[in-house]
Amino acid sequence: LENLQPEIKELAKRLRYEVSVRGKQLGWSEKVARFHFAKNMRRIVAELYVRDNCHPFKATVLLWVQIPMWVCVSLALRNCSVGALGSAVQEQFSSGGALWFTDLTAPDSTWILPISLGLVNLLVVEV
């Protein structure tokens, strides 16, 4: 979308000129000229989106998938850590860690997991 902005600005400038010339020929009011400009500009921008296959909705699809997934995973991890799934799961989490986090039910006092998760998420978004 950002790569199309210079082309859109140039096309808008040209279209504005063409609409003003045509409006003077046909005696359009300013309101009618703005209507024709907006209508044709929407059509031109839609054609550019189709040509370059970059509809703005595609940029938001990730959010509509990622946010519900994040909520579900967060709730599942919370339910596992507070023992909502049963004592067998609670026992496995309290003795099933590795490295510095041997008890997965205890808070991470070093903040390594939350910070690393945040950095990985930032990396995914930026890449």
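What the table shows:
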read-out: Within the chain, longest stretch clear of exposed chymotrypsin sites (Phe, Trp or Tyr not before Pro) (DSSP loop, no more than 16 other Cβ within 10 Å); value: 29-99
read-out: Helical segments meeting 30 Å axial Cα length and Kyte-Doolittle 1.0 threshold in the chain (DSSP H); value: 56-81
read-out: Portion, in percent, of the accessible area of the stretch 1-84 that falls on carbon or sulfur, probe 1.4 Å; value: 64
read-out: Probe 1.4 Å, protein heavy atoms only - accessible area per residue of the stretch 59-126 in square angstrom; value: 81
read-out: Solvent-accessible area of Ser109 with every protein chain in place, 1.4 Å probe, in Å² to the nearest 10; value: 110
read-out: Computed accessible area, Arg34, all protein chains, 1.4 angstrom probe, square angstrom; value: 140
read-out: Environment charge of Glu47, counting only residues whose C-beta is closer than 14 Å and scoring Lys/Arg +1, Asp/Glu -1; value: +2
read-out: Leu62-Ile115 pseudo-label distance in nm [points 7 Å out on the Cα-to-Cβ vector]; value: 2.5
read-out: Accessible surface, per residue, of the stretch 3-54 when the full set of protein chains is kept, probe 1.4 Å, Å²; value: 78
read-out: Heavy atoms of Arg43: accessible area, 1.4 Å probe, square angstrom to 10; value: 110
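The values are calculated or read from the model by the stated rules, or taken from the named source; none is laboratory data. These numbers come from a predicted model, not from an experiment. Note that each Cβ is placed from the backbone with ideal geometry, even for glycine, and that neighbours are counted across all protein chains shown. Heads up: the accessible areas ignore ligands, DNA and RNA and are worked out on the full protein's heavy atoms, side chains in. Shrake-Rupley method; radii C 1.70, N 1.55, O 1.52, S 1.80 Å.
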